[in-house]
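Student: First, the structure itself, so that you have it in front of you.
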Amino acid sequence: MRAWGAAMLLAMAVQGGAAWAQDEREFCADRPGLDTPPCTMAPGKVQGELGLGDWSREQDTESRIDTVNFGDALLRIGLTGSMEAQLGWTAFGHVRTRDRVTSAVEKDSGIGDMRVALRQNLRNPDGSGFSIAVMPYASLPTGGDAIGDGDWGAGMLVPISYDLGQGFSLLATPEVDAAVDEDGDGRHLAYGSVAGLGFDISDSLSGSIEASLMRDDDPDRHATQALAGLSLGWQAGDDMQFDAGANLGLNHDSPDAELYVGIVRRF
């Protein structure tokens, strides 16, 4: 929590001292969707992205797990013309596990881990044309047992976008991670990518269709998750967006379904 407060103070200080920052870029949010955009915040600009609600279900022959998260927050701070800092944290998560054989139910709740990241854009930081960035991150074990990983993790994303014109764009995010083991002690290799198509429905409404394939080499259970996603974002003015999305699992290793809504505000 102290780290989150320090980040907020940093954000206000950066914004308050940014009279020199006149770089007005098109609105570009991380959410919604599976992909990560390569655009970065203009220097001195701050953007808050908040998941208002997120529900997912994972079911097999033995159990059904329902997870609900509230307050999935991301703070983005423009540092230079092509670099931003990020701080993410989930305020509350609730997990309900039902044994499908005995009908016994277990419940657990708690806060999430902290995630810190830097995004360095390598071409077109406003996200126009062909844009690419590198984004190293680390997760800190600040959360509880319910939705926390139990140990630190790290990884690297390479967000890419290409403007096709006529309101269409190609999206991709290759990723490699030192993911936390399922037992919360140690790390293992995970890797994969997201790819999708972004499209404009109107001047204020946009959407994306995406697919994700991630390989997770956990020592206890190797798995390959495959997801398909559809998301919509409605821009209410130059600096605010409301969004909603749905993801669908495509194989037995993936969550069956996920629904979410959120809001983004640029300052």
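Student: When you count, for each residue, the other Cβ atoms within 10 Å and take the mean per peptide, how do 74-86, 102-114 rank with the highest first?
Tutor: 74-86, 102-114
Student: How tilted is helix 2-16 with respect to the longest principal axis of the chain? Cα atoms for both, answer in degrees (0 to 90, nearest 10).
Tutor: Compared with the principal axis, the helix lies near 20 degrees.
Student: Which whole number in µm²/s is D for the chain by Stokes-Einstein, with the Kirkwood Rh taken over Cα pairs at 25 °C and 0.890 mPa s?
Tutor: 127
Student: Going by a ≥ b ≥ c, the root eigenvalues of the Cα gyration tensor, does the range 69-131 fall in the rounded group (a/c under 1.5), the prolate group (a/b larger than b/c) or the oblate group?
Tutor: Prolate, because a/c is 1.5 or more and a/b exceeds b/c.
Student: While we're here: Which Cα, out of Ser254, Pro219, Met135, lies furthest along the positive dipole direction of the range 119-267 (beta carbon charges, K/R +1, D/E -1)?
Tutor: The one lying farthest along the dipole's positive direction is Met135.
Student: What FRET efficiency would be calculated for the residue pair Thr102, Gln59, taking the C-beta separation as r and a Förster radius of 25 Å, to the nearest 0.05?
Tutor: My answer for the efficiency is 0.95.
Student: Now, a different point. Between Phe27 and Thr80, with labels modelled 7 Å along Cα→Cβ, what's the label distance in nm to one decimal, could you check?
Tutor: Between Phe27 and Thr80, the simple spin-label model gives 2.9 nm.
Student: If the convex hull of the alpha-carbon atoms of the range 159-267 is projected onto planes in all directions, what is the mean projected area in square nanometres?
Tutor: 8.3
Student: Here is a further query. Return the carbon/sulfur percentage of the accessible area of the chain, one whole number, probe 1.4 Å, all protein chains in place.
Tutor: On the chain, the fraction of accessible area on carbon and sulfur atoms equals 58 percent.
The values are calculated or read from the model by the stated rules, or taken from the named source; none is laboratory data. Just so it is clear, the structure is predicted and the values come from calculations on it, not from any experiment. Positions of Cβ are backbone-derived with ideal geometry, glycine not excepted, and every protein chain shown enters the neighbour counts. Protein only, heavy atoms only, side chains kept; ligands, DNA and RNA dropped before computing areas. Shrake-Rupley method; radii C 1.70, N 1.55, O 1.52, S 1.80 Å.
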